[in-house]
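The values are calculated or read from the model by the stated rules, or taken from the named source; none is laboratory data. Note that the structure is a prediction, hence the values are computed from the model and not measured. Neighbour counts run over all protein chains shown; Cβ positions are idealised from the backbone, glycine included. Heavy atoms of the whole protein, side chains included, go into the accessibility calculation; ligands, DNA and RNA do not. Shrake-Rupley method; radii C 1.70, N 1.55, O 1.52, S 1.80 Å.
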Amino acid sequence: MNYQERILFDALSKDRAESADTLEKPSLRGVQNSVVEKYSDQAHFVYELLQNADDAYATTCRFILEPDRLIFAHNGTRHFSVSDPAKEAEDSETGNLGDVNAITSIANSNKSEASIGKFGVGFKAVFQYTSKPHIYDPNVRFRIERFIVPKLLDRDAPKRRLDETLFCFPFDHPEKSPDKAYEEISDKLKNLTFPLLFLSNLIRIDYKIGSDEGLYDKTIEKKLSFGDITAERICLTQKFGDSHHNDNLWLFSRNDAEQRRYSVGFFLDENGRLRPEIRSAFCFFPTKEQTGLKFIIHAPFLLTDSREGIRAGKDHNERMINLLANLAARAIICLKEIGESESLRLIDDNILSIIPYNPSLITNSYDKSRVSFLPFYESIKALFQEEEILPSSEGYASSQNAYWASTSTLTKLFSNEQLSLICGNDSAHWVFTSKPQGSQTGNSSLCDYIDSIVRTSLDNDDIIKGRQGGNKYDWRNKRYYTVEPVKGITASFIESQSFSWLQQFYKWISGFGEHTIQSLLKRSFFLNQDSKAVAALNEEGHPILFLPIENITGFQCVHPDLLADPETNKFFRETLKIKAPTKKDQIYISVLPLYESGKEIDLKTHTFHFKLFFEYYCNKCLNGEDSDFVNMISKYEILRYYDSNNSQDHFSRACDMYLPRQDLTAYFA
């Protein structure tokens, strides 16, 4: 301290003594207590000391907790200054207020409103534990008496290192015992919440409690740029004694128009993937403002007097929240790109456990005394609706190409390529495949959210039968919504699939209820011997698909390659009850259509057909099971006759023929 500074220091000491006289008047005795007791959190001043060290460009600091005092020291390159007490109003506006002036003031510093004050009200919390804090700086050594009066010290602190600023807080508070002070500060030092994360310069904190040592450390393992966004992969280490803990996260930061830094952070698990982390909002250090978010946010908010909450109704704070919400959405894009560059899917289905999907959990529109974090819900939802970032089994999909399945079976059985054919959308993708709609029973908020960011959701009926598009009314939410049309499974789809896939498809169908299976028998879902998709029953419910039998043609039969699989064979025989064609099937389905068509039939085939007719007649008609059969076949040219004038084979209808009795022969002669 030079001569001029010494003069200013003496003037400041005199000025503060006069102010102390005023504060000690009975009418103002409550002022000091109201300032000191602002924090409900005991020992919160520890955070304030760290912020002051960061402001002084310190990179490391240390705490030494002893039974009768706390020592704090840092290696900051900015040292204590002193300015003219007569010009403090002007110096506060221009940023030239001396540090000694600030630390002996009440809420008067060089800091802007939207930041932690350097040696402002926060530092005054030390007076919960001490009545005479001592400060040893390379430029000046002094103690503070009577709350705001600085007094020079003759000797340096023996534990101060060269170029180090050291604070000593003796536990001499008349209303708090040294044991109580030691207990509270010890607990605070061991449980600081990410004390280095949002500081600009400080990267390491060492502390010693008795014979035990601990530390907090911040390591920036990787740093990337995405336009005006800085991304840092950070490892936060905490040690005390034998215990050791690391927190890893990706921190994304931007500067606002006034170059104030704001950030959002996404925590990582031991495999480097995102994990939810519920934390209160940070303004350099944790506040008690609960956000409802599952990632961490920080901004230079305007805080309440206790610095525990964010002040509601302030344009600055609303602007900060909107900036943070936009940053959070853009950070998800950055995380996708980081994951792709590292061959690690950072944005996968697990993102649903991190993003806010229920607006009621992050805002209370009826409580105007609390800030709202609704912009986070809106910004991230808009991101999913506009960007190609919805996680699919194959990369990512845009909202217009995203389909949400009702069950995981659908996403396993039907590939994205098959989904494209079923939906008539060449770019169709299943999304959120590990979280199908059916597994979210009871979580209507999540279902509504996913429905709002995908093109449509699909269930078994939609896939099998398809559906028509149009507007429908949602009675639960009292609104109309648009239903996307779906083609469903068609004959051409079945014909384009491999046998192995069809076997899996039929196995899936076999798990349906009997009513559903019966309805499917009339759809062209079954591959015949010509690899064509056909139905098993006609519209009247009669079988038109059969099991193949030797030497019989003219039937739709199940493709033999499908029956080679035991499970598929059982499906057709037992579940669908498809059988080999009976004699009646052969006659009605295979033989009679030949006669109706008028095609030429050779003698051998005619002979086989007549034998078939006769066997059926003997088995069924004589028992009265098909009384119309004889009348029906009599209409077809199935009987052979001869012409004495022509040796060729002739066939005619039974109703036009006579038996060759002697009298008839004579008559016709």
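So for the range 371-478, averaging the separation of alpha carbon pairs under 8 Å that are six or more residues apart and normalising by length, what relative contact order in percent results? Walk me through the intermediate numbers first.
Values: 127 pairs, mean separation 30.7, N = 108.
Once normalised by length, the contact order is 28 percent.
Where the centre of each part is set by its Cα atoms, how far does the range 34-105 sit from the range 529-562, in angstrom?
The two parts, judged by their Cα centres, are 90 Å apart.
Compute the long axis of helix 374-386 from its Cα atoms, compare it with the longest principal axis of the Cα atoms of the chain, and write down the angle in degrees, 0 to 90, nearest 10.
Between helix and principal axis, roughly 40 degrees.
Can you tell me the accessible area per residue over the chain, all protein chains present, probe 1.4 angstrom, in square angstrom?
That works out to 50 Å² per residue.
Output the relative contact order of the range 623-669, whole-number percent, from Cα pairs under 8 angstrom with separation of 6+ residues. Write down the numbers at each step before the final one.
Values: 33 pairs, mean separation 13.6, N = 47.
Normalised by residue count, the contact order of the range 623-669 is 29 percent.
Using alpha carbon centroids, what distance separates the range 238-258 and the range 1-28, in Å?
Centre-to-centre distance over Cα atoms comes out at 41 Å.
At a 10 angstrom cut-off on C-beta neighbours, averaged per residue, how do the peptides 326-334, 493-501, 641-649, 508-516 rank from highest to lowest? Spell out each step's value before the answer.
On the way: 326-334: 21.7, 493-501: 14.0, 641-649: 8.6, 508-516: 12.4.
Put in order of decreasing packing, that is 326-334, 493-501, 508-516, 641-649.
Taking the chain as the reference, fit the longest principal axis to its C-alpha atoms, fit the long axis of helix 3-23 to the helix C-alpha atoms, and give the angle between the two in degrees, 0 to 90, nearest 10.
Rounded to the nearest ten degrees, it is 80.
Given the rule -39500 (n - 2.57) for each run of at least 4 DSSP H residues, summed and divided by the residues of the chain, what is its mean residue ellipticity at 222 nm, to the nearest 500 deg cm²/dmol? Each step should come with its number before you reach the end.
Working: 21 runs with 199 residues, N = 669.
About -8500 deg cm²/dmol.
Tell me the net charge near residue 619. Cut-off is 13 Å between Cβ atoms, residue 619 excluded, with +1 for each Lys or Arg and -1 for each Asp or Glu.
Values: positive: 583, 584, 611, 620; negative: 615, 625, 626.
Net local charge, residue 619 excluded: +1.
Only one of the listed values, [x] 50, 29, 27; [y] 93, 21, 19; [z] 58, 29, 25, was derived from the coordinates as semi-axes √(5λ) of the Cα gyration tensor in Å; which label is it?
The listed entry that was calculated here is [y].
Compute the relative contact order of the chain as a whole-number percentage, counting only Cα pairs closer than 8 Å that sit 6 or more residues apart in sequence.
Relative contact order comes out at 6 percent.
Shape verdict for the range 141-294, please, from the Cα gyration tensor: rounded (a/c under 1.5), prolate (a/b greater than b/c) or oblate. Write down the numbers at each step before the final one.
Details: a/c = 2.03, a/b = 1.71, b/c = 1.19.
Prolate, because a/c is 1.5 or more and a/b exceeds b/c.
Restricting to the chain, what percent of DSSP beta bridges are antiparallel, rounded to 5? Don't skip to the end; give the middle numbers.
Working: 85 of 98 bridges.
Once the DSSP bridges in the chain are tallied, antiparallel ones form about 85 percent.
Counting Lys and Arg as +1 and Asp and Glu as -1, each charge on the Cβ, what is the dipole of the range 508-581 about the Cα centre in debye, to the nearest 20?
Working: 7 positive and 9 negative charges, 23 e Å.
Roughly 120 debye for the range 508-581.
Relative to the Cα centre, what is the charge dipole magnitude of the range 302-385, using +1 at the beta carbon of each Lys and Arg, -1 at the beta carbon of each Asp and Glu, and rounding to the nearest 20 debye? List each step's numbers first, then the result.
Numbers: 10 positive and 11 negative charges, 62 e Å.
In total the dipole reaches around 300 debye.
In the chain, what percent of the accessible surface is made up of carbon and sulfur (1.4 Å probe, ligands and nucleic acids excluded)?
Values: 15390 of 33490 Å².
Heavy-atom surface of the chain belonging to carbon and sulfur, 1.4 Å probe: 46 percent.
Name the chymotrypsin sites (Phe, Trp or Tyr not before Pro) in the range 276-366 that are in a loop by DSSP and that have at most 16 other C-beta atoms within 10 Å, would you? Before the final figure, lay out the partial values.
Details: sites: 282, 284, 295, 301, 357, 366; in loops: 284, 295, 301, 357, 366.
Here the sparse-neighbourhood loop sites are 366.
From the residues 403, 373, 392, which one has its Cα farthest along the dipole of the range 364-410 in the positive direction, the dipole being from +1 and -1 charges on Cβ of Lys/Arg and Asp/Glu about the Cα centre?
Ranked along the dipole, the leading option is 373.
Determine, for each peptide in 661-669, 600-608, the mean count of other beta carbons within 10 angstrom over its residues, then list the peptides with the highest first.
Details: 661-669: 8.4, 600-608: 11.6.
Going from most to least packed, we get 600-608, 661-669.
Magnitude of the Cβ-charge dipole of the chain, K/R +1 and D/E -1, about the Cα centre, nearest 20 debye?
On the way: 79 positive and 94 negative charges, 145 e Å.
Around 700 debye, computed over the chain.
When ranked by the protection proxy of mean other Cβ atoms within 10 Å per residue, highest first, what sequence do the peptides 255-264, 4-13 form? Show your work: numbers first, answer last.
Numbers: 255-264: 14.8, 4-13: 16.6.
Most protected by this proxy first, the peptides run 4-13, 255-264.
Toward the positive end of the charge dipole of the range 113-270, about the Cα centre and with charges on Cβ (Lys, Arg +1; Asp, Glu -1), which of 150, 200, 162 goes farthest?
Of the listed residues, the answer is 150.
Taking the chain as the reference, fit the longest principal axis to its C-alpha atoms, fit the long axis of helix 603-616 to the helix C-alpha atoms, and give the angle between the two in degrees, 0 to 90, nearest 10.
80
Give me the distance between the Cα centres of the range 341-357 and the range 590-611, rounded to whole Å.
That distance is 68 Å.
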